[in-house]
Amino acid sequence: MLTREDILSMIPHQGGMCLWDRVLHWDDGSVQLQAGNHRDPEHPLRHDGQLHAIHLCEYGAQAMAVHGGLRARSHGGRAAPGVLVALREVQLHVARIDDLHGMLEAHAQVLVEAAASQQYGFRILHEGRLLAEGRAAVMLQPSP
């Protein structure tokens, strides 16, 4: 199992904006992560004391970034930075997540990839209950 410190070393999101606490499992095509920060009153995405379900899309996008970092690290490199360019077929099954006890869990899977882009499917769950699902596309930035 990889820790938050491992995750911080692989993605550009730092401090409170690093949303994942640990990697439970990963392989070349998918990643499974866990986090408990959705209950934190200082969560940087909270608004009026609540963390709305729409922010699960950011959790999904960061799962992609972690997976890219893991894949690059396994080959001795670093992942190219990416820009989220599209969300598709997003379904939110709750209104907010700050009132959920226990851990969030993400499953993200590579659907399509090319040299300059990637598309993933993601699902975010809480105690086995599906909270959000969708697809996200990222354009990768060329290395300088």
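The values are calculated or read from the model by the stated rules, or taken from the named source; none is laboratory data. Computed from a predicted structure; not experimentally measured. Cβ atoms come from the backbone with ideal geometry, glycine included; neighbour counts cover every protein chain shown. Just the protein is used for accessible areas: all its heavy atoms, side chains included, with ligands, DNA and RNA removed. Shrake-Rupley method; radii C 1.70, N 1.55, O 1.52, S 1.80 Å.
Observations, loosely collected:
- For the chain, the fraction of 1.4 Å probe accessible surface lying on carbon and sulfur atoms is 52 percent.
- Given charges at beta-carbon only (K, R positive; D, E negative), |dipole| of the chain in Debye: 260 debye
- Computed from label points 7 Å out along Cα-Cβ, the spacing between Met139 and Leu8 is 3.2 nm.
- With all pairs of separate Cα atoms included, segment 13-59 yields a Kirkwood hydrodynamic radius of 11.8 Å.
- Considering only Ala35, Ala79, Gly102, the residue lying farthest towards the positive end of the dipole of segment 10-109 is Ala79, judged by Cα position with unit charges set on Cβ.
- Rg to Rh, two decimals, where the chain supplies the alpha carbon set and Rh follows Kirkwood: 0.94
- The simple spin-label model puts a point 7 Å past each Cα toward its Cβ; for Gln91 and Ala115 those points are separated by 3.7 nm.
- Solvent-accessible area of Leu84, all protein chains in place: 80 Å² (probe radius 1.4 Å, heavy atoms, ligands and nucleic acids excluded).
- Accessible area (Å², per residue) of the chain, counting only protein heavy atoms and a probe of 1.4 Å: 52 Å²
- Between Asp21 and Gln50, the simple label model (points 7 Å from Cα in the Cβ direction) yields a spacing of 2.4 nm.
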